[in-house]
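Below is one structure, written out as structure tokens; comments come after it.
The values are calculated or read from the model by the stated rules, or taken from the named source; none is laboratory data. Quick caveat, the model's predicted, so the values are computed rather than measured. Every residue, glycine as well, gets a Cβ built from its backbone with ideal geometry; the counts of neighbours run over all protein chains shown. Accessible surface areas use protein heavy atoms only, side chains included; no ligands, DNA or RNA. Shrake-Rupley method; radii C 1.70, N 1.55, O 1.52, S 1.80 Å.
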Amino acid sequence: MASVRAKFHVAIVGGGIGGLAAAVCFARNPDISVEIFEAAKEFSEVGAGIGVWPRIWKTLAALGLDEDLARLHAVRPTYDLSDVFVFRKADQPKGQDFYKLTTQGSFLRYHRPDVLQVLIDHLPERFQTHFNKRLSNYTRLPNGKIELCFTDGFVTTCDILIGADGIKSVVRRQMVAEQARDAVMKGRPDEADLLLRTADPKWSGIVAYRALVPTERLIAYRDAHPDQNIRIPEQSSIPVMYMGQHVNVVVYPISSGKLINVGAFHANEALAGTPFPGPWVTHVDNQELLDAHDGWEPELKAILKCIDRPSRWAVHTVEKLKSWTYGNVVLLGDAAHAMSPQQASGAGQAIEDAFILATLLGHKLVNLSNVQTALSIYDTVRRPVAEEVAEKSLVNGRLFGLQLPGLDANAETDRLPEIGEAVKENWKWSELFPCNQH
């Protein structure tokens, strides 16, 4: 079978979930050639769990990934009313379940590397993949192409550059600098200053401790301490959100129940925007995590005691950008909208970015003469949605930390379900489908 002549060549910088999702989406278009450039020696994902809401499942199903993903989870996805979280006040000697969150459609949880592997398995052989390629900068050539220069000296060109290179995105930083220079040339220096402030990520004031616990280890701990009545997260268990003042710990099973994902989030909004005093990601002694939850109920502390050495993350986000595209350069995923993880939607939003972007570029009427119009439509459609989800994620974080205006969570425990109702309202967007794919 004769090869199809490519209408343009796309370079994807970044081989995480967003970048590979874009590549899988482009696989539907034989007239688009794709190269993927990953800075690491192999495709890999940081973090542990990933949440998939109904609207994201619809997108994954449209790409033909649903069957492979379904084999990774004990629970089949449904669009019926589903229990997705148990909220529990846990910053006290005896914990208290106070709300069960239900949504229209299930909330599925996966191990990030498992999702990444499914994407890798669906990459077409015709797409070239390059490892150990960290982008240094790009240059716009007179013929309209974009020259990519990598830190190892490798140089190549493309027609369209997709920056999927994460929160420390080189593509975003250079694109914002270009937008700022353009503003200066048009006599708008104040706008240029504002643009440059969006180039680099900012600390959210949130520190997250993350770990995976072998389920067998927690079972052994429970059996050795029968008096503590410890619940074991099972394959079909509803995730539990343990809540305290400005702190929440999310616990749920992944990898067919063999592992338990634990994420403990400690927020101090007064520190948002200040430099984080230390490395963004590091491993710490488990005693630090236990000390941070001193006085919490035995059930949660049992889970935390089963952790060997948690990682500690300074959660950074990016400010709203004027645009996700400039010329033939475009951003997706964390490079465009890195957000706090309190809506379990960062990866899902990257997948939506990839689907919409690839669908627009793959349209039969789109070519190099009008591709910037397609990129502009992508920006118009996706940017407001992701920005809203990022804002709602911060709201969720406050609610998970028992911060509801006018409510004293310690003195008015009978009103705690109001927090649950506020979270339910804040998460309603996840039940809506961005497009009619079925």
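Just a few scattered comments:
- For Asn137, the residues whose modelled amide H falls within less than 5 Å of its own, excluding neighbours fewer than 5 places apart on the same chain, are Cys149.
- Couplings 3J(HN,Hα) for the stretch 167-177, derived from phi with the Karplus relation 6.51 cos²θ - 1.76 cosθ + 1.60 (θ = phi - 60°), are 5, 9, 3, 5, 5, 4, 4, 6, 5, 5, 4 Hz, where x marks Gly and Pro.
- If both residues of a DSSP beta bridge must be in the stretch 1-122, then about 65% of such bridges are antiparallel.
- Gaussian network model of the chain, Cα within-10 Å springs - most flexible of Asn248, Asn132, Asn396: Asn132
- Shown here for the stretch 46-103: trypsin sites (Lys or Arg not before Pro) in loop regions (DSSP other than H, G, I, E, B) with at most 16 other Cβ atoms within 10 Å, namely Arg71, Lys94.
- 0 to 90° range, to nearest 10: angle between helix 112-121 axis and the chain longest Cα axis: 30 degrees
- Residue (of Pro277, Ile307, Leu407) at the positive-pole extreme of the chain, dipole from beta-carbon charges: Pro277
- The dipole here belongs to the chain: it is taken about the Cα centre, uses +1 on the Cβ of Lys and Arg and -1 on the Cβ of Asp and Glu, and is about 900 debye.
- Calculated log₁₀ intensity ratio I(q)/I(0) where the Debye formula runs over C-alpha points of the chain, q = 0.07, 0.11, 0.13 Å⁻¹: -0.36, -0.87, -1.18
- For the chain, the per residue solvent-accessible surface stands at 43 Å², with DNA, RNA and ligands left out and a 1.4 Å probe.
- Linear extension gain, Asp291 paired with Ala6, 0.36 nm per residue minus alpha-carbon span: 96.8 nm
- Each peptide in 290-297, 312-319 receives the mean, over its residues, of other Cβ atoms within 10 Å, and ordering these scores from highest gives 312-319, 290-297.
- Taking GluC sites (Glu not before Pro) across the stretch 1-100, the ones in a DSSP loop with at most 13 further Cβ atoms lying within 10 angstrom of their Cβ are Glu42.
- Efficiency of FRET from Cβ geometry, Thr102 and Gln403, R₀ 22 Å, rounded to 0.05: 0.45
- Globularity index of the stretch 64-181, i.e. its alpha-carbon radius of gyration over 2.2 N^0.38 Å: 1.66
- Top positive-direction residue, dipole computed over the stretch 79-232 with Cβ charges, set Cys149, Pro226, Ile160: Pro226
- Exceeding the 25 Å Cα-Cα cut-off - candidates Lys320/Lys392; Lys186/Lys320; Lys168/Lys428; Lys58/Lys428; Lys41/Lys322: Lys168/Lys428; Lys41/Lys322
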